Amino acid sequence: MKYEFHQIEKKWQKIWEEQKVNAAVNGGDKPKFYALVEFPYPSGDGLHVGHPRPYTALDIVSRKRRMEGYNVLFPIGFDAFGLPTENFAIKNHVHPREVTKRNIARFTDQLKMLGFSFDWDRVVDTTDPEYYKWTQWIFLQMFKKGLAYKTKMPVNWCTSCKCVLANEEVVNGVCERCGSPVVRREKSQWMLAITKYAQRLIDDLDDLDYIERVKIQQRNWIGRSIGAEVSFKTTAGDEMLIFTTRPDTMFGATYMVMSPEHELLKRWEDKLTNLAEVKAYQEEAARKSDFERTEMNKEKTGVRLQGVAAVNPVTGEEIPIFISDYVLATYGTGAIMAVPGHDERDWEFAHAFDLPIVEVVQGGDVTKEAFVDKDENARMVNSGFLNGLSVKEAIPTMIRWLEEKGIGREKVNFKLRDWVFSRQRYWGEPIPIINCPKCGWVPMDEKDLPLLLPDVKSYEPTDTGESPLAHMTDWVKCTCPKCGGSAEHETDTMPQWAGSSWYFLRYMDPHNKEALVGKDAIDYWNRVDWYNGGMEHTTLHLLYSRFWHKFLYDIGVVPTSEPYAKRTSHGMILGLNPRNFANLDPAEQEKLVAEFGSEEGAQKHLTEKYGEMAEHPIVKMSKSLGNVVNPNDIVNQYGADTLRLYIMFIGDFEKAAPWQDTAVKGSKRFLDRVWNLEQKVTPGSAYSKENEASIHRTIKKVSEDIEAMKFNTAIAALMTLVNEFYDKGLNKADYQLLLKLLSPFTPHIAEELWEMTGGEGLCCRQPWPKYDVSKMADAEKTIAIQVGGKLRSTVVLPADSPDDAVVAAALKDPKIAKQMEGMELVKSIVVKNKLVNLVLKPKKLDKPQE
RNA sequence: GCGCGAGUGGUGGAAUUGGUAGACUCGCUAGAUUCAGGUUCUAGUGUUCACUUCGGACGUGGGGGUUCAAGUCCCCCCUCGCGCACCA
């Protein structure tokens, strides 16, 4: 019989669905396990081969857990609000809802085709009013607690999406999504006060089982620094507040700098004698995009304020104030004390403007460069009452002094900014807030939720920055819930990150009409046990959802302050670059070499033709390069099991890996061999003697590797086992063991062969095999014999042979005997069951050789 | 610049309480089977010298070091990827 994967896969997918083998139950005696993968954005392109990598990984874990007796919740859903759908809808004159429906249907088919063991009765769709009702509800709770507020502020404006972006969505000054330039605009926006949770978001990372690089990235993003806030008197009469991490260096503060946007500047207008110059600089700074402002190695520019100066509180000296765009309005207080001796930027600025540089910490040469080491043991100089103290002592001494004088205090500062939460687009959750001319911003009544998205004729974004909803006068007009007067709905919508910030809770209780999640359900499932997702979400979705969860914890909705016990991350699937010489077909290569003289010449030609990108043999998959792999094609050609196997075998799960079409057939070949192996099976209800040790070793290896996400080596171990079965023969018990181990990876073929060999019930419902360490060891061991650390021979000995027996056997070995000629044994090292190393030295000759 | 990670055959990648480097694939070579096939099987495949045999030398980005023994530990250097980036 042939391995007819198409039929087999359809057959078992149907049976699993009918028998609901993957349904999670809310409650029961089994231990619970909640495995989560990031739900997809249902794009018009359908699934690409990147999707199945994390899905297959947690599918394997989930299937193994079920076999181990867990009640497993492994759900899937769709994060379906967002710009691509809206843009597609605009271009093709279809309603985004229709587009979304079609895309979800397509994704569902594709996901089912791959045999993932999702519980399809728990599918969540963020654009479903029954779902976004609760997204809106959470927003209302945040509003009521003062965590959601509207404020006028400079925002990131994407010139192409015509929409504001959160800081997290701006990458190198361009839009994370479309790559267009981002400019600064003054706009009134809804904000979420994530900064109020900054401390907890950092501290609580310590107890979580996240891979380290995720923790590090979140810590860096939140960016906590400890220092002091100090107010400096000015000659204008008011005070200038600054933040510094180096209060110890205050005696070295020879000037001040504030950002061009600083609010004090407005108040000082009548005192500034060079106001025109100041204004010109402000305008110049405002015109620059984020990218221009943050370009590295930038020359320091600025303007000295004439007419106002500050007073250094420790030295009592009057020092000048500058404005410069190297000081950011959005960090700290938007102003700094400049210590050019001990800060690189200040040093550069001081040099450019010929300002005095004072050394206050010993250890460098401040005439040559800033000495920035925060060496705790370095001594203070030129620092009045701090002189002679170490940096370590000087910091608290200075803070105490500032507190006594009432002009400063210890202060923790964060890089994290509040979250810009409104978008001027159509396809998102409407913000359930009403603008009343009398009462201001008023929350909608909870019982009026969901606030439905209206059907609009045109959802094109506008250049004015107004939401498309603003044109829907009927929808906009409403009555104020507070005073009953006429009022207006907020017309901005929520960002795409809103719906995904709590979706994992909805899976626990997806059909609940009374609450976002029922108490029984949340008490039972508690939180996600294992969450796998992309590194690109570390400072976006992962951070946002932790924030929302902490809020929900604070208002008593969820029982845990953290949503995910464990977080792992997969590497990207890359593609071969068809424009790189190495990836051309041989005929093409030959032709180019003939034409350009050499491979280097040929590559140079390709680089000239296509640009620098052609230099890289492995690149991201992209439509424009035509190297995108569609999982449907692989399934059609080889079957879902082969795709699943290959995508897990491709390499280290956490690292990026290039898709190679030719390598896929190795996985197919393996499954063919598993299939054909059935012909060789002899009767037997216990593991055969000759395979027993290998079987126990393989069970251990596969079990442990799945937990460690080392799927590639787990599969290699299974391949080795199959190779051994071909060599040594196998019985039915051996074969069925193989099928059980294979079942999480390639469930369809495992199920079919299980049935063919007369296995009872379903393979996926068998208990996960156990291993016995005492049965893993071979009776005989191959011992390596080294001389001076170099392998010279091997010898086969009974397991656990005593050291002296090993040495004796080694010395008897003919190859070793040859090595021993003219030498004597100095010492020998034996590593049990592994090797013996003989250390030799030349024999002293008793009599001269003839 | 700072942080994190990584450099191993023709290729994807194994192997770190230091203990036989290259498991398991792809590719390639030879043979067999089939013979229109992207089929299957057997043997081989790090480089190199010897090649009649035994075998020898070298080999994990480069250079030092520790050790009976180093891909693994220590010091210096180079390259690449990712993240952050004037954060006071």
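The values are calculated or read from the model by the stated rules, or taken from the named source; none is laboratory data. Bear in mind the structure is a predicted one, so any value in this text is a computation, not a measurement. When we count neighbours, we look across all protein chains shown, and the Cβ atoms used for this are built from the backbone with ideal geometry, even at glycine. To get the accessible areas, we keep the full protein, side chains included, count just its heavy atoms, and leave off ligands, DNA and RNA. Shrake-Rupley method; radii C 1.70, N 1.55, O 1.52, S 1.80 Å.
Remarks
- Between segment A:96-111 and segment A:762-789, the C-alpha centres lie 47 angstrom from each other.
- Sequence-distant lysines (8 or more away, or on other chains) whose Cα lies within less than 18 Å of A:Lys196: A:Lys144, A:Lys145, A:Lys150, A:Lys411, A:Lys415, A:Lys550
- Set of lysines near A:Lys14 by C-alpha distance (under 29 Å), chain-local residues within fewer than 8 positions excluded: A:Lys2, A:Lys30, A:Lys32, A:Lys64, A:Lys101, A:Lys112, A:Lys665, A:Lys668, A:Lys732, A:Lys740
- Using C-alpha pairs under 8 Å with a sequence gap of at least 6, the mean separation divided by the residue count of chain A gives a relative contact order of 13 percent.
- Label-zone membership for segment A:324-338, site A:Ala286, 7 angstrom Cα→C-beta point, backbone N under 20 Å: A:324-331, A:334-335
- Against chain A, whose longest principal axis is taken from its Cα atoms, helix A:640-649 shows a tilt of about 70°.
- Model label sites at A:Lys405 and A:Glu376, defined 7 Å from Cα along the beta-carbon direction, differ in position by 2.7 nm.
- Net charge, A:Leu791 excluded, C-beta distance under 13 Å - Lys, Arg +1, Asp, Glu -1: +3
- Heavy atoms of A:His616 accessible to a 1.4 Å probe, total area in Å² rounded to 10: 100 Å²
- Sulfur and carbon atoms: percent of accessible area, segment A:750-850 [1.4 Å]: 53 percent
- Judged by the mean number of other Cβ atoms found within 10 Å, the most tightly packed of the peptides A:391-401, A:329-339 leads the ranking A:329-339, A:391-401.
- Simple label model, 7 Å out from Cα along Cβ direction - A:Val831 to A:Phe385, nm: 6.3 nm
- Rolling a 1.4 angstrom probe over segment A:418-557 with all protein chains present gives an accessible area of which 48% lies on carbon and sulfur atoms.
- Electrostatic bookkeeping for A:Gly666 treats Lys and Arg as +1 and Asp and Glu as -1; over the other residues with beta carbon under 13 Å from its beta carbon, the sum is +2.
- FRET efficiency for the A:Glu536 to A:Leu625 pair, using the beta carbon distance and R₀ = 25 Å, is estimated at 0.80.
- Accessible surface of segment A:106-187 [probe 1.4 Å, protein heavy atoms]: carbon and sulfur percent: 48 percent
- Estimated FRET transfer efficiency when R0 is 60 angstrom, pair A:Lys233-A:Lys609 (beta carbons, to 0.05): 0.40
- Residues listed by number, segment A:678-694, amide nitrogen under 18 Å from A:Asp772 label point at 7 Å toward C-beta: A:684-694
- For A:Ile211 and A:Glu704, the FRET efficiency from 1/(1 + (r/R0)^6), where r spans their Cβ atoms and R0 equals 22 Å, is about 0.80.
- For chain A, the longest principal axis of the Cα atoms and the long axis of helix A:52-67 meet at an angle of about 60 degrees.
- When peptides A:168-181, A:102-115 are sorted by average Cβ neighbour count within 10 Å, with the highest value leading, the order is A:102-115, A:168-181.
- Accessible area per residue, Å², chain A with all protein chains present, probe 1.4 Å: 46 Å²
- Point-to-point label distance, A:Asp727-A:Gln660, nm (Cα→Cβ direction, 7 Å offset): 2.5 nm
- Relative packing of peptides A:710-716, A:541-547, A:493-499 - highest average C-beta neighbours within 10 Å first: A:493-499, A:541-547, A:710-716
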